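The values are calculated or read from the model by the stated rules, or taken from the named source; none is laboratory data. This structure is a prediction, so every number in the text was calculated from the model and none was measured. In this analysis, Cβ positions are derived from the backbone assuming ideal geometry, glycine residues included, and neighbour counts consider all displayed protein chains.
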Amino acid sequence: MADKSLLSVEEAEKAISAFPISVKSETVPLLAAQGRFLAQDLFSPIDMPGFDKSAMDGFAYKSDDASTAFKIVETIPAGIPPKIVVTPGQCAKIMTGAMIPVGADRVVKREYTVEEEGFMRIVKADGNLNIRLKGEDLQAGKLAMARGTRLQPAQVALLASLGLAEIPVAQPSKVGIITTGSELVDPGSPLAPGQVYNSNSYSLAAQLSETGAEPIMLGRVADDEEATTKAIASGLGACDVLILSGGVSAGDFDYVPAAMKKAGLTLHFKKIAVQPGMPTVFASLGDKAVFGLPGNPVSTFVIFEVFIRPMLLRLMGHAFRPLVQPAVMTVAFSRSHSERTAFLPVSCRHGRATLVPYHGSAHLHALSLANALLCVPAGQDTIPAGSTVDVRFL
């Protein structure tokens, strides 16, 4: 009999996307906005360019002037308005970026000319106007950048060119990280028998930083229900979203779901038909979202990428769409059980996807060699070599 509490990937995504959120914003200096998400649509306050300007060093003249030589009546550097109207038989020496003088409608490249005794002669035809027209890039009042855009260097450059010194951006989500497990030891300390290093805190913190969120390390909790309950209640006060790793399965020391209930949370689901990461919990308290992830490190990583990253970016006003592209499988894939959707680490280069040797949800080394995930839908047990598949880039 099918487990009715086991949600499909699509059902879990729908449940998470239905959780109501509100984007908080603030205004910051332009350079501080890099990497942040724009909190509102921005409209250009000016034309770009703001005037007809020369696209290169040369001479500005009237294009229908049939003169064989043109008297140079002015030299126009960038930043200085022209003073003289160009008339037939005349031209102005002009620098790149300088304003086109009245009367001229064309610039001939300097290297296509000869300059002698105050006159310019054109010695090679130039088929281009070599003028950037006022407003040809962007007009005043037009949308310059849409809400939710991540401000990378190119976007920062555009905003600077529009004269915008302060930018409305979404506040970064504060995300608390709690790891559970008496066997965990932080990197830098020696391992006793039976102990393992706490990689999940570092994995989650790195993934959160990459999204633009602010990771808050709330420490490790031993396998104890009361301690876990207190850690959840305390953590909710410090963050917008709380993530716990470990303690969500059906073992004798897996206390997270029970602790969530004791802390007053509403549990929306406890299992997803996904591999790795089936025992994933999604809960909430008021406007705070809480995730309980499996302790195996690949499970933690994959569940974050597939389910949590989209929600966090939505909290920061960004409509996330993973980069999914077709690729050709270099080798065949098969599995004996296909009840769950599987996400497998692959190396995808030049349109060819190669499965990374993978031993299961604790095999971090395999994940470190991958740059994408192959999604194998529930019910599919084989993929022949040479098949075209969709891969989700990390």
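Annotations
- Odd one out for V156, checked against (1) among the β-branched types (V, I, T); (2) surrounded by 19 or more Cβ atoms within 10 Å (Cβ to Cβ); (3) more than 27 Å from A362 (Cα to Cα): (2)
- Breaking point among (1) surrounded by 16 or more Cβ atoms within 10 Å (Cβ to Cβ); (2) assigned to a strand (DSSP E or B), for K71: (1)
- Residue match in the range 53-67 (condition: modelled with pLDDT of 95 or more and closer than 16 Å to L162 by Cα): no
- Looking at I232, I272, just one residue is buried (at least 23 other Cβ atoms within 10 Å of the Cβ), closer than 22 Å to I21 by Cβ, at pLDDT 95 or above and in contact with a strand residue (DSSP E or B) (Cβ under 6 Å, 6 or more places away or on another chain), and that residue is I272.
- Of the residues in the range 287-300, at least one is in a strand (DSSP E or B), in contact (Cβ under 8 Å) with a residue 24 or more places away in the chain and among the small types (G, A, S).
- Here G188 passes the criteria (1) at pLDDT 90 or above; (2) within 26 Å of L394 (Cα to Cα) except the one numbered (2).
- Qualifying residue in the range 339-353 (condition: without any contact (Cβ under 8 Å) to a residue 24 or more places away in the chain, under 25 Å from the mean Cα position of the chain (by Cα) and outside any strand (DSSP E or B)): yes
- Cβ pairs under 6 Å, 6+ apart, first in the range 16-31 and closer than 30 Å to L158 by Cα, second surrounded by 10 or more Cβ atoms within 10 Å (Cβ to Cβ) and of a type in the set (S, T, N, Q): K24/Q171; E26/Q171
- Restricting the range 108-148 to residues that are modelled with pLDDT under 95 and small (G, A, S) leaves a set whose member that is surrounded by the most Cβ atoms within 10 Å (Cβ to Cβ) is A125.
- Strands (runs of 3 or more DSSP E) wholly inside the range 154-246 that include at least 2 residues being within 19 Å of K261 (Cβ to Cβ): 174-180, 241-245
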